[in-house]
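Chemist: Have a look at the structure that comes next, please.
The values are calculated or read from the model by the stated rules, or taken from the named source; none is laboratory data. A quick note: this is a predicted structure, and the numbers were derived from the prediction, not measured. All Cβ positions, even for glycine, are placed from backbone atoms using ideal geometry, and neighbour counts span all protein chains on display. Calculation scope for accessible area: heavy atoms of the full protein, side chains included, ligands and nucleic acids excluded. Shrake-Rupley method; radii C 1.70, N 1.55, O 1.52, S 1.80 Å.
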Number of protein chains: 2
Amino acid sequence: MITRMSSLFLRTLREDPADAEVPSHKLLVRAGYVRRVAPGGYSWLPLGLRVLRNIERIVREEMESFGAQEIQFPALLPREPYETSNRWTEYGDTLFRVKDRKGADFLLGPTHEELFTLTVKGEYGSYKDFPVTLYQIQTKYRDEERPRAGILRTREFLMKDSYSFDVDDEGLANSYQQHRDAYIRIFDRLGLRYVIVSAVSGAMGGSASEEFLAESETGEDTFVRCLESGFAANVEAITTPAPAARPFDDVPAASVHHTPNTPTIATLVDHLNAADLGRAFTAADTLKNVMVKTRAPGAEEWELLGVGVPGDREVDFKRLEASLYPTEVALLEESDFQRNPFMVKGYIGPGALIANGVRYLVDPRVVTGTSWVTGADKADHHVVDLVCGRDFTPDGTIEAAEVRVGDPSPDGAGELVAARGIEIGHIFQLGRKFADAFGLDALGPDGKPVRITMGSYGVGVSRLVAAVAEQSHDDRGLIWPRAIAPADVQLVIAGKDDAMRAAAERLAAELDAEGVRVILDDRKASPGVKFADAELIGVPTILVVGRGLAQGVVEVKDRRSGERADVALDSVVSRIVEITRS
Amino acid sequence: MITRMSSLFLRTLREDPADAEVPSHKLLVRAGYVRRVAPGGYSWLPLGLRVLRNIERIVREEMESFGAQEIQFPALLPREPYETSNRWTEYGDTLFRVKDRKGADFLLGPTHEELFTLTVKGEYGSYKDFPVTLYQIQTKYRDEERPRAGILRTREFLMKDSYSFDVDDEGLANSYQQHRDAYIRIFDRLGLRYVIVSAVSGAMGGSASEEFLAESETGEDTFVRCLESGFAANVEAITTPAPAARPFDDVPAASVHHTPNTPTIATLVDHLNAADLGRAFTAADTLKNVMVKTRAPGAEEWELLGVGVPGDREVDFKRLEASLYPTEVALLEESDFQRNPFMVKGYIGPGALIANGVRYLVDPRVVTGTSWVTGADKADHHVVDLVCGRDFTPDGTIEAAEVRVGDPSPDGAGELVAARGIEIGHIFQLGRKFADAFGLDALGPDGKPVRITMGSYGVGVSRLVAAVAEQSHDDRGLIWPRAIAPADVQLVIAGKDDAMRAAAERLAAELDAEGVRVILDDRKASPGVKFADAELIGVPTILVVGRGLAQGVVEVKDRRSGERADVALDSVVSRIVEITRS
């Protein structure tokens, strides 16, 4: 394929677009790959579409390689299945809702679990039909509150989503592993640097959910990693090593102190240290009790929950949610306090909670024998030397405290450091949630129905274009891995000489005959303009037919390394073929 | 590629779906190609998606062959550009409108003229940049009042839309011709029987708009054709041959008659024939004056228009609209009659219209010297022997009367017959409508702006799957042309014999190595079930490994002709390769 710059629908820009902050956004716009059409809506111009299609092809190849079968659903979907799964409501403002001319409710699919489940239910009925894995590469819609960074987070995007259907947990584990392996092959072929992070805590089943994050300073997703062991996880998946229980024989009896105007940990610590109790206190000595309410799936009523964490740490609401999932969690309202006057705001302690039958969970660091300053359940009063296992017994532990840089890695290999990444893939053992909602069963060998278990797997196909661009560029432009580059070679005619033009045309034809994809810069522009555009566009090999032609050589330049070499005209085709096939 | 029926996500149905009326709908559902998800919304199962992708590939190849460049817009589009073009309103209920979380208006693109125009304006500015043709293969949304016939008319469908941009009319004519040629190649490659019909009358520029209609009894589009000459056109494009003017010296003077209770043509004719006027009247002797109102583009006010047609023909509103386009036309309301009391309902004649300055256009058959019975502008009165050119002079002619089977072909070669078709393509010289709306200019060689002229071209990609199925099936199932078939060969293992299975597996591998796409029916089902499924699925060649294997032969069957031949096992691969490449 020969693409001529003289007719290619392309205008490169010398300046960064005003609304662009991250490198991929700046460069993809400047190099004419994408254009903004609306908030979070982009059009793909010819070069961008080529990269997108190349990624799509790689994703498709790796999905087919393990027997996944491609289908395609509409994007405009009826409300009913999403009502059944409760996601019509759960998605909230993120869902684009549409009414048709008759007033019937539709939505633009943000993801398609419901449809896949219903479709498998419609077609399959026997255990012999399973396992099956179906996928689609399709446009998804999410009304993001803050679309950002060009095509990194848009409201309309291309996604590969797939779903596995198995009759048992072992089958699901196998389907999950197949996807995991395929994702590794996909992201390796794209030349990405990425980590696979556990997305939920070990308590929920270890590898039941993992995210693939492309390492990038501009990524929205934070994760923590241990440089010593390579361990990486979302903070939601971090488990806190519990210290050993301590003897508490020497700890004085708990004592209540008048601590006026100390509603915060900082004011409390200052007050205690000023009170001359014979020792120094820090925030880590205090036990902060945060009240929330929870509601189990299917339950009508909300129940109170007290969460006790060391006072030097905040409760990380996302970690709390992940720990309680699928139970819902919400902050208390003023009316909750009014209905439960035993909760004295700012001075809540384990005592009143336990006495009033409120479930009380604590951070794993709160082990037997640890001694705490905490609320005395009375305004302006705190209790000192309240010992876990002696003075109070919590209902259990919970991963809810924030994770900090410097915390020990759960694998004990070292300390955690913070990092950022772009979510490019997600694999998830969904289990029977949707099969339960839609009654997806298979008749087992004994004639009895077996509930199907599902996995859900996604790759952000259009986002990958940006993720690769984030990792692979320099200050002159994009640098594409050959596997997804819009062409193999940018052939620059660096002069007005007829001989140069003729030689370049001949070279382009010969390369094309060898299956090499060529962009031929045949424009009437200066060599400087052409070189700058070639660097900006980022095709992996730049071939220059210029002054050297008189000496029978052309220049071959590697876009990534910047290495240049003069190659004899009569051997350059075989040299390029060698490069492109290596 | 080997696809195993044992794992293919497919369930065929023996019964027609209850909601299906046309063959393509019945068979595509029965053979497991598509499934209904919502009104006018279908999912593509693996075999269906293959056919769709094959068609997409052919369309893409033929578009690229003449230099069209592929881009891709979002489907979710902002309101503003469609407000500028006035189509936000014009589309009416056909447009799916969406509000985002901030209340901003969006729409699901029914077609993309606005975005293409704006994009070209954003990138290009010099006459040297033109011509350029851009296209996309994209999901479109139209809230059809009556989705029907499976995937023939859906609310979400795949379309190739392209737009040409030229600096002058000659360039547009050339771009139009390139599309026309490419469409012919596309539809020929799909093996379709189709006609190219003029979509608008010659008065608007002859070939400025043509539709490609796949011949089909189940098609929604009617057209007329002349079997003698091959002429074919939409009725909107039919011009009525005008008879020669006649002498009218012998026609008696016009006379007004009392014709009580004759508001319709039929009652009028009966009354006249009963009145003993010395001759017999038919509906064709009467002149029916139909009142509408029109509004020119940009105009505020509606103006009255009288349309006179022979009383034996109805006014065809679509023909009237096409004749007046881009002027809008609407029926009168009661208030219009009240404001213009000179219009006496049921008795309107040319007299009052002309006297009151109302524009009055007549059917081309109403030539000088023709004599008519028509309204006398007075309740219960008609005038007889009103002669065109003597007693009234219309403002011109208009193509508004219905076209009938048996009417003369505009080319004079014979009579028109009626036919039905499925619109599969449309090419249209759009001109400067959108360039005017968005100010799309190029700087000419003299530095002065030149307004760009556009063409708009569409192929219904997903509809083509149904169009081919309509034309190519029998009572046993689908019959795909090889170019778009989901596989080349359906290889049926017709027995439980291990030797049969082994031979079939070997054959499948050998065919695959030759690039032949094989569906291997390796299921534990009866030969009868397998044969029935093979016929239903409609792969062009059916290969049966059965009892003949003992004699060293397998059966090769052509799905379309039904011809069977026993072929020696050791030569069957080369025979199949020969068939697939022919």
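Chemist: Search region B:19-49 for residues being open to solvent by less than 20 Å² (accessible area, probe 1.4 Å) and more than 28 Å from B:V529 (Cα to Cα), and hand back the single one that is modelled with the highest pLDDT.
Modeler: Residue satisfying both the conditions and the ranking: B:G41.
Chemist: Now for a separate question. Out of the residues in region A:317-358 that are more than 19 Å from A:G375 (Cβ to Cβ) and touching a Lys or Arg at 6+ places or on another chain (Cβ under 7 Å), which is most open to solvent (accessible area, probe 1.4 Å)?
Modeler: In this case the residue turns out to be A:E328.
Chemist: Okay, next question. Of everything in region A:286-301, what is at pLDDT 90 or above, out of contact with any helix residue (DSSP H, G or I) (no Cβ under 8 Å at 6 or more places or on another chain) and either of a type in the set (D, E, K, R) or more than 19 Å from A:G349 (Cα to Cα) (or both)? Give them in sequence order.
Modeler: Scanning region A:286-301 gives A:R295, A:E301.
Chemist: Tell me yes or no: at least one residue of region B:366-385 is open to solvent by less than 20 Å² (accessible area, probe 1.4 Å), free of Cβ contacts under 8 Å to residues at least 60 places away in the same chain and in contact with a helix residue (DSSP H, G or I) (Cβ under 9 Å, 6 or more places away or on another chain).
Modeler: No.
Chemist: Please return the ranges of strands (runs of 3 or more DSSP E) entirely within region A:1-85 where 1 or more residues are of a type in the set (V, I, T) and more than 30 Å from B:P486 (Cβ to Cβ).
Modeler: Result: A:2-4, A:34-38.
Chemist: Please specify each residue of region B:282-302 satisfying the condition of being farther than 22 Å from B:T374 by Cβ and more than 29 Å from the chain's Cα centre (by Cα).
Modeler: Within region B:282-302, B:A299, B:E300, B:E301, B:W302 meet the criteria.
Chemist: Only residues that are facing chain A (nearest Cβ under 9 Å) and open to solvent by less than 10 Å² (accessible area, probe 1.4 Å): list them for region B:77-87, please.
Modeler: B:L77 - this is the single residue of region B:77-87 that is facing chain A (nearest Cβ under 9 Å) and open to solvent by less than 10 Å² (accessible area, probe 1.4 Å).
Chemist: In region B:4-51, what residues are closer than 22 Å to A:G67 by Cβ, touching a helix residue (DSSP H, G or I) at 6+ places or on another chain (Cβ under 8 Å) and of a type outside the set (A, V, I, L, M)?
Modeler: B:F9, B:R11, B:T12, B:G32, B:Y33, B:R35, B:S43, B:W44, B:G48
Chemist: Still on this structure, I have one more. Those residues that are within 10 Å of chain A (Cβ to nearest Cβ), without any contact (Cβ under 8 Å) to a residue 60 or more places away in the chain and open to solvent by 10 Å² or more (accessible area, probe 1.4 Å), I need them from region B:129-146; list them, please.
Modeler: Of everything in region B:129-146, those that are within 10 Å of chain A (Cβ to nearest Cβ), without any contact (Cβ under 8 Å) to a residue 60 or more places away in the chain and open to solvent by 10 Å² or more (accessible area, probe 1.4 Å) turn out to be B:P131, B:E145.
Chemist: From the set of residues in region B:448-473 that are over 22 Å from the mean Cα position of the chain (by Cα) and open to solvent by less than 40 Å² (accessible area, probe 1.4 Å), which is farthest from B:K128 (Cα to Cα)?
Modeler: Only one residue fits best here, namely B:T453.
Chemist: Can you name the residue in region B:494-514 that is under 43 Å from the mean Cα position of the chain (by Cα) and surrounded by 20 or more Cβ atoms within 10 Å (Cβ to Cβ) and, of all such residues, is nearest to B:V544 (Cα to Cα)?
Modeler: Looking at the filtered set, the residue picked out is B:A508.
Chemist: Output the residues belonging to region B:193-210 that are open to solvent by 20 Å² or more (accessible area, probe 1.4 Å) and modelled with pLDDT of 80 or more.
Modeler: Correct list: B:R193, B:Y194, B:I196, B:S198.
Chemist: Among the residues of region B:137-151, how many are on the phi > 0 side of the Ramachandran plot and among the basic types (K, R)?
Modeler: Here the count works out to 0.
Chemist: Something else about it: Among the residues of region B:160-173, is there at least one that is in a loop (DSSP other than H, G, I, E, B), in contact with a helix residue (DSSP H, G or I) (Cβ under 8 Å, 6 or more places away or on another chain) and either away from chain A (no Cβ under 12 Å) or open to solvent by 50 Å² or more (accessible area, probe 1.4 Å) (or both)?
Modeler: Going through region B:160-173, the residues in a loop (DSSP other than H, G, I, E, B) turn out to be B:167-168.
From what's left, in contact with a helix residue (DSSP H, G or I) (Cβ under 8 Å, 6 or more places away or on another chain): B:167.
Those left that are additionally either away from chain A (no Cβ under 12 Å) or open to solvent by 50 Å² or more (accessible area, probe 1.4 Å) (or both): B:167.
Yes, region B:160-173 has at least one match.
Chemist: So which of A:D100, A:D93, A:D16 is at pLDDT below 95, within 21 Å of B:R101 (Cα to Cα) and open to solvent by 60 Å² or more (accessible area, probe 1.4 Å)?
Modeler: After applying the criteria, what remains is A:D93.
Chemist: In region B:246-273, what residues are of a type in the set (S, T, N, Q), closer than 24 Å to B:E314 by Cα and either modelled with pLDDT of 90 or more or open to solvent by less than 80 Å² (accessible area, probe 1.4 Å) (or both)?
Modeler: In the first step, residues of region B:246-273 are kept if they are of a type in the set (S, T, N, Q); the result is B:255, B:259, B:261-262, B:264, B:267, B:273.
Filter once more, so that each one left must be closer than 24 Å to B:E314 by Cα: B:259, B:261-262, B:264, B:267, B:273.
Selection gives B:T259, B:T262, B:T264, B:T267, B:N273.
Chemist: Oh, and also: Exactly one of (1) in contact with a Leu (Cβ under 7 Å, 6 or more places away or on another chain); (2) not in a helix (DSSP H, G or I) is unmet by A:D446. Its number?
Modeler: (1)
Chemist: Which count do you get for residues in region B:31-49 that are within 9 Å of chain A (Cβ to nearest Cβ) and among the hydroxyl-bearing types (S, T, Y)?
Modeler: Residues meeting the conditions: 2.
Chemist: Restricting to region B:88-111, name every residue that is more than 9 Å from chain A (Cβ to nearest Cβ) and under 18 Å from A:G41 (Cβ atoms).
Modeler: The answer is B:W88, B:L95, B:G103, B:D105, B:L107, B:G109, B:P110, B:T111.
Chemist: Any chance you could count how many residues in region B:300-316 are open to solvent by 30 Å² or more (accessible area, probe 1.4 Å) and in a loop (DSSP other than H, G, I, E, B)?
Modeler: Total meeting the criteria: 6.
Table: residues versus (1) more than 25 Å from A:E144 (Cα to Cα); (2) open to solvent by less than 60 Å² (accessible area, probe 1.4 Å); (3) within 8 Å of chain A (Cβ to nearest Cβ).
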position	(1), (2), (3)
B:V51	yes, yes, no
B:E56	yes, yes, no
B:E61	yes, no, no
B:S65	yes, no, no
B:E113	yes, yes, no
B:G122	yes, yes, yes
B:Y127	yes, no, no
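Chemist: Go over the candidates B:R517, B:R482 one by one and state the one that is outside the structural domain of B:V573 (by TED's automatic domain parsing) and either among the charged types (D, E, K, R) or open to solvent by 50 Å² or more (accessible area, probe 1.4 Å) (or both).
Modeler: Working: B:R517 fails: outside the structural domain of B:V573 (by TED's automatic domain parsing).
Exactly one of B:R517, B:R482 is outside the structural domain of B:V573 (by TED's automatic domain parsing) and either among the charged types (D, E, K, R) or open to solvent by 50 Å² or more (accessible area, probe 1.4 Å) (or both), namely B:R482.
Chemist: Tell me, which residue of region A:274-293 that is of a type outside the set (K, R) and assigned to a loop (DSSP other than H, G, I, E, B) is most open to solvent (accessible area, probe 1.4 Å)?
Modeler: Looking at the filtered set, the residue picked out is A:D276.
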